[in-house]
Amino acid sequence: MSENGRNAVDIVRSVAPEGVVLLENNGILPLSENQKKIALYGAGALLTMKGGTGSGDVDVEHVVNILEALETEGFTITTKDWLNDYQRRHEEGEDRRYAQMDRELEQTGDPLMSIFLRNPQVLVDGADIEPVDEKITDEVAVYVISRISGECADREMKEGDYLLTKAEYRQIKAIAANYQDVIVVLNTGGVIDTNFYREIEGISAMLQISQAGMACGMVLADLLTGKAVPSGHLTATWAKQYADYPASKTFCDNSSNDKTYDEGIFVGYRYFDSFQIEPAYAFGYGKSYTEFAWDFQGMEVKDEKISVEVKVTNCGKCYPGKEVIQAYVSAPQGELVKPYQELRAFAKTKLLAPGESEVLTLQWGVREMASYSEAWAAYILEAGRYLIRIGNSSRNTQPVAAVRLGWDVITTRLENKLAVRQELPEIRPEKCADTEGIPVLMEIDLNAEELHTEVISYEESEESSQGIKSGENTSWSYLDVKNGKASVEELLGQLSAEETVALCVGAGAIGNGAVIDGTSIKVPGAGGETTSMLLRKWGVPAAVLADGPAGLRLMRKYQVRNADNSVVVPPNGFLALTGFERFAGKPPVEPDCHYIEQNTTAVPIGSMMAQTWNPQMFCEIGNLVSGEMKKYGVNIWLAPAMNIHRDPLCGRNFEYYSEDPLVTGVCAAEMTKAIQSTKGCGVAVKHFAANSQETNRFDENSVVSERALREIYLRGFERVIKEADPTMLMSSYNLINGTHTANSKELLTDILRKEWGFKGTVVTDWGTTKNGMRAGWGGKSRSFPGVCMSSGNDLIMPGNPKDREEIADALESGTLSMAELRKCARNIIKLLIRLDIEK
Ligand code: BGC
């Protein structure tokens, strides 16, 4: 590995402990200095998962697994026989998997990529562990449970996924009987069943190390030795049993495309807390190697902002640590039912030495406490007492303060959008939280008169209705616009309808499901690029877009012809998928070529980043990723991914941040700011919106109330747009209340642009139109290219000549106006200029 590569891994290694959640610890962790013998077990010891699969995967040279990392750290591993046997079983399992894929290819002829994705790697069971006569006291047993999931398929409520396999259970039970000290390590991207911890006696500690990209193994080594301390807190509720999740009744039922979000706003802890269901590990929970005390210091209300000061002290004696303080508000129950409490702010301390203190300020806007009334089409702060609870998890809080509002205030007046077409059940907890009568240390009256009502106008804004004059000058080029000599409108006025259409459709797909047009290869393995069709005549360059979010996903190695430096396109396209070559065959070595490497870094997955609750960590990782974007010529990172964890079985929860919209919005905003602070780098926040599951993702219709949409599923997006001005936003595959998001004017124009003021470019998810490269990938319903344009979805990716034809047809038939199309084209030109792309 190059020095750059090593430095990058070091950055990941320093960030990751902040996202590791210490779930249990009887004091065994960190290990004492003289404890150097580890009995290592579990699939994840060797097959340590750096992240998930699909577009969220990153193609890297080497991931240090847990075995390698512990040995490098100087530990003696006493269970080499068990691990070697596991390696053999794993290889046999892989042989079976590849044979199955070959059979499927022969029988179905389906695209290689879809066969590959529907046959994910299975973690085989290891050998049973024999009992010993006497408890082993001079070794620590470490058992690593790994799970993997990804694009196209949801996780399952079955053994080996959400549940432990019988063998895993037996093995943990055996080591708990054999060893004095047992540590269970969860190398999972999300929630699994943890009942084994409560059922099996003798487990000393349990850590969720999550999936830390290239530093996974090393992070565990650092935490065991105490070189690093864990300071992550959960951003999703870990239930005692899957059936406790409100969406669990319908999530796995794929008998209909309609998914009714019966739970409404009661997602995650909003549900568990309101309905008094005890979780295994609460939202916001995380232990430390030390103990903290916190003390309310005071509250201030100023300029419509509530600030609460909390003094946090490390009251342990041995170890430093960081604590996450969370402020929840219980709003008064009025006409609108409210969850028991909602997170309104959070802050993390610096590394506090034993005895050290820090005063944290937690701040949020008074208006953020308003609830959405569908009847009024408005956000309303209902009169009453707003109780403020401070704590270090949703289940460990103290009521410390309150603010009181004398009468109802409409904070924002909107119009009803995305209305649900069917009756949804009204869900109301039996015992709504009463916010009166609870003693607090401080109470302030809010002045209702000072809270003005914002009224949203849905009129066309001046800028978007500004006419573009055709044919006035025929010599302005893109560079003239970029250099300020001409306006975007002047450039667009010169383009023919065909050229304008071309601008709004990506360069296309090649190979077997791979993306990027063979005629315009800028960065092999990148997710796609915008068109180069207007380059020669008008100088309009292409932008390169690459996935995310767990690093920059490119093809690690490709061939280039010596003669003209042209890139050799492998027969199956640029599929940057680890293990794909073994199935699809290695690309033939061309004569007179040389290899080019694009080494990028796999960073912690989205949910692990969120578990840091630390904006600084987003800066570190964002700077690392933007550095690699610059190095390899990528303009847009197809990240952050920010859908809400509606249910723990969503196959892509690992890419997403949280069940809570505030955490989600803050994380996405921090990541966006970090990436975009490097000139020429932009993000595409995704997948807008309510893209809560993977199986059936092209056809899934999220049937959800307007209130739940606005308060839960759209809320994070609203924050990132208002706070961080992302260059791009990606609409999703699913439908919302019967309309494809890429075809929803209410979503992409009314809400996104008119309500929130989005100024960037909207791109489709890959192949959401029926002509996309993924036609034939399953799923029947697709968005219509012409309607994408009239709805405000500016760019279709990866793009296909058929998309262009259909947009042209829509123009001709009058269902799409030239003015609407030019608005999309303008957003694309502005994007290229903002990204500082010259050629
Ligand atoms: C995924 C997106 C991804 C895109 C490009 C789609 O299948 O849903 O998240 O950015 O592919 O790879």
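The values are calculated or read from the model by the stated rules, or taken from the named source; none is laboratory data. Because the structure is a prediction, the values reported are computed rather than measured. Ideal geometry is used to build each Cβ from the backbone, glycine not excepted, and the neighbour counts take in all protein chains shown. To get the accessible areas, we keep the full protein, side chains included, count just its heavy atoms, and leave off ligands, DNA and RNA. Shrake-Rupley method; radii C 1.70, N 1.55, O 1.52, S 1.80 Å.
A protection proxy built from the mean count of other Cβ atoms within 10 Å ranks the segments 155-166, 668-679, 370-381, most packed first, as 668-679, 370-381, 155-166.
Summing -39500 (n - 2.57) over the DSSP H runs of n ≥ 4 in the chain and dividing by its residue number, what mean residue ellipticity at 222 nm do you reach, to the nearest 500 deg cm²/dmol? Mind showing how you got there, number by number?
On the way: 22 runs with 213 residues, N = 839.
Per the formula, -7500 deg cm²/dmol.
Treating r as the C-beta distance of K249 and E443 and R0 as 45 Å, the FRET efficiency rounds to 0.65.
Distance between the C-alpha centres of region 394-434 and region 64-128: 48 Å, rounded to the whole angstrom.
Distant-in-sequence amide contacts of S783, defined by a placed amide H-H separation under 5 Å and a gap of 5 or more residues or a different chain, comprise T769, K770.
For C593, the residues whose amide H sits under 5 Å from its own are N562, ignoring neighbours fewer than 5 places away on the same chain, with H placed 1.01 Å from N.
Distance between the modelled labels on E581 and K802, one decimal in nanometres: 3.3 nm (7 Å Cα→Cβ projection). Rounded, prolate or oblate: which one fits region 682-730, using the alpha carbon gyration tensor with axes a ≥ b ≥ c (rounded when a/c is under 1.5, else prolate when a/b beats b/c, else oblate)? Note, shape of region 682-730 comes out oblate. In sequence order, region 444-451 has phi-based couplings of 10, 8, 8, 8, 4, 5, 7, 8 Hz under the Karplus curve 6.51 cos²θ - 1.76 cosθ + 1.60, θ = phi - 60°, and Gly or Pro positions carry x. Based on the Stokes-Einstein relation at 4 °C and a viscosity of 1.567 mPa s, and on the Kirkwood radius from alpha carbon pairs, region 197-269 is assigned a translational diffusion coefficient of 81 µm²/s.
Summing +1 for each Lys or Arg and -1 for each Asp or Glu, what net charge is found among the other residues whose Cβ lies under 14 Å from the Cβ of E168? List each step's numbers first, then the result.
Numbers: positive: R89, R147, K158, K166, R170, K173; negative: D125, D128, E159, D161, D193, E199.
Residues near E168 contribute 0 overall.
Peptides 609-620, 17-28, 432-443 ranked from most to least packed by the mean count of surrounding Cβ atoms within 10 Å: 609-620, 17-28, 432-443. Farthest towards the positive end of the charge dipole of the chain, among the residues L424, S566, I833, is the Cα of S566, using unit charges on the Cβ of Lys, Arg, Asp and Glu. Averaging the Cα positions of each part gives two centres, and for region 172-201 and region 774-839 these lie 51 Å apart. Stokes-Einstein diffusion for region 368-431 at 20 °C, viscosity 1.002 mPa s, with a Kirkwood radius from C-alpha pairs, works out to 148 µm²/s.
Annotation for region 642-687 versus region 156-171: alpha-carbon center distance of 30 Å. With contacts taken as Cα pairs under 8 Å and at least 6 residues apart, region 248-393 reaches a relative contact order of 24 percent.
Among L186, L207, L638, whose Cα lies farthest out toward the positive end of the dipole of the chain, if unit charges sit on the beta carbon of Lys, Arg (+1) and Asp, Glu (-1)? Positive-end residue among those listed: L638.
Note down the relative contact order for the chain as a percent, whole number, built from C-alpha pairs under 8 angstrom at least six residues apart. Walk me through the numbers on the way to the answer.
Numbers: 2025 pairs, mean separation 117.3, N = 839.
14 percent.
Nearest 20 debye, what's the magnitude of the dipole of the chain about its Cα centre given +1 on Lys and Arg Cβ and -1 on Asp and Glu Cβ? Dipole magnitude for the chain comes out near 1140 debye. Within a straight-line Cα-Cα reach of under 13 Å, K631 can be paired with the following aspartates and glutamates, leaving aside sequence neighbours fewer than 8 residues apart in one chain: E597.
Taking 19 Å as the cut-off, the amide N atoms of region 477-494 that come nearer than this to a point 7 Å along the Cα-to-beta-carbon line of S817 belong to 489-490, 492-494.
The Cα atoms of region 639-724 define a convex hull whose projected area, averaged across directions, is 5.7 nm².
Please work out how much length the chain gains when fully extended from E300 to T108, using 0.36 nm per residue of separation minus the C-alpha to C-alpha distance, in nm with one decimal. The partial results should precede the final answer.
Details: separation 192, 0.36 × 192 = 69.12 nm, distance 6.60 nm.
Additional length available on full extension: 62.5 nm.
The stretch between K630 and R89, if pulled fully straight at 0.36 nm per residue, gains 190.6 nm over its current Cα-Cα span.
When the expected Rg is taken as 2.2 N^0.38 Å, what fraction or multiple of it is the alpha-carbon Rg of region 319-413?
Numbers: Rg = 16.0 Å, N = 95, 2.2 N^0.38 = 12.4 Å.
In units of the globular-protein estimate, region 319-413 measures up at 1.29.
Evaluating kT/(6 pi eta Rh) at 37 °C and 0.692 mPa s, with the Kirkwood radius of the chain over Cα pairs in the Stokes-Einstein relation, gives 118 µm² s⁻¹.
As an exercise, use a Förster radius of 22 Å and the Cβ-Cβ distance of T678 and K227 to find the FRET efficiency, rounded to the nearest 0.05. Spell out each step's value before the answer.
Values: r = 30 Å, r/R0 = 1.38.
That pair, T678 with K227, gives E of 0.15.
Accessible surface ranking for R707, R715, R89, R421, 1.4 angstrom probe, highest first: R421, R89, R715, R707.
What size of dipole, in debye to the nearest 20, comes out for region 108-167 about its Cα centre when the only charges are +1 on Lys and Arg C-beta atoms and -1 on Asp and Glu C-beta atoms? Kindly include the intermediate steps, with their values, before the conclusion.
Details: 6 positive and 13 negative charges, 81 e Å.
Value, rounded to 20: 380 debye.
Can you classify region 254-330 as rounded, prolate or oblate using the Cα gyration tensor, where a ≥ b ≥ c are the square roots of its eigenvalues, rounded means a/c under 1.5, and otherwise it's prolate if a/b beats b/c and oblate if not? Cα axes put region 254-330 in the oblate bin.
Computed with a 1.4 Å probe over protein heavy atoms only, the accessible surface of region 217-273 comes to 28 Å² per residue.
How much length is gained on full extension from E426 to E61, taking 0.36 nm per residue of separation minus their Cα-Cα distance?
Details: separation 365, 0.36 × 365 = 131.40 nm, distance 5.18 nm.
Taking E426 through E61 to full extension adds about 126.2 nm, to one decimal.
Antiparallel versus total DSSP beta bridges in the chain: what percent is that, nearest 5? Display every interim value, and only then the final one.
Details: 66 of 113 bridges.
Taking every DSSP beta bridge within the chain, about 60 percent pair in antiparallel fashion.
Note that region 393-408 has calculated 3J(HN,Hα) couplings of 6, 5, 9, 10, 10, 10, x, 10, 8, 8, 10, 10, 10, x, 9, 4 Hz, one per residue in order, obtained from phi through the Karplus relation 6.51 cos²θ - 1.76 cosθ + 1.60 (θ = phi - 60°); glycine and proline are x.
Derived scalar couplings between HN and Hα for region 383-390 equal 4, x, 9, 9, 8, 9, 10, 10 Hz in order, rounded to whole Hz, by the Karplus curve 6.51 cos²θ - 1.76 cosθ + 1.60 (θ = phi - 60°), x for Gly and Pro.
Approximating the spin labels as points 7 Å out from Cα along Cα→Cβ, the D81-to-M1 distance works out to 3.3 nm. Packing order of peptides 287-298, 1-12, 217-228, highest average first: 217-228, 287-298, 1-12 (average count of other Cβ atoms within 10 Å over each peptide's residues). When C252, C152, C216 are compared by accessible surface with a 1.4 Å probe, the order from highest to lowest is C252, C152, C216.
Name the residue from T672, Y733, Y285 whose Cα lies farthest towards the positive end of the charge dipole of the chain, charges +1 on Cβ of Lys and Arg and -1 on Cβ of Asp and Glu. Value: T672. Taking one equal scatterer on every alpha-carbon of region 40-123, how large is log10 of I(q)/I(0) by Debye at q = 0.19 1/Å? Rounded to two decimals, the profile gives -0.96.
The antiparallel fraction among DSSP beta bridges confined to region 638-784 stands at about 15%.
In what order, largest first, do D262, D547 sit by accessible area if the probe radius is 1.4 Å?
Details: D262 65, D547 20 Å².
Listed by decreasing accessible area, they come as D262, D547.
Given +1 at the Cβ of Lys and Arg, -1 at the Cβ of Asp and Glu and no other charges, the dipole of region 618-776 around its Cα centre is 520 debye to the nearest 20. Modelled label positions at V122 and K135, each set 7 Å beyond Cα in the direction of Cβ, lie 3.8 nm from each other.
Extent along the principal axes, Cα only, for region 121-205: 48, 23, 20 Å, with the longest axis given first.
In this structure, the amide hydrogen of D59, modeled 1.01 Å from its nitrogen in the peptide plane, lies closer than 5 angstrom to those of L554, counting only residues at least 5 positions away or on a different chain.
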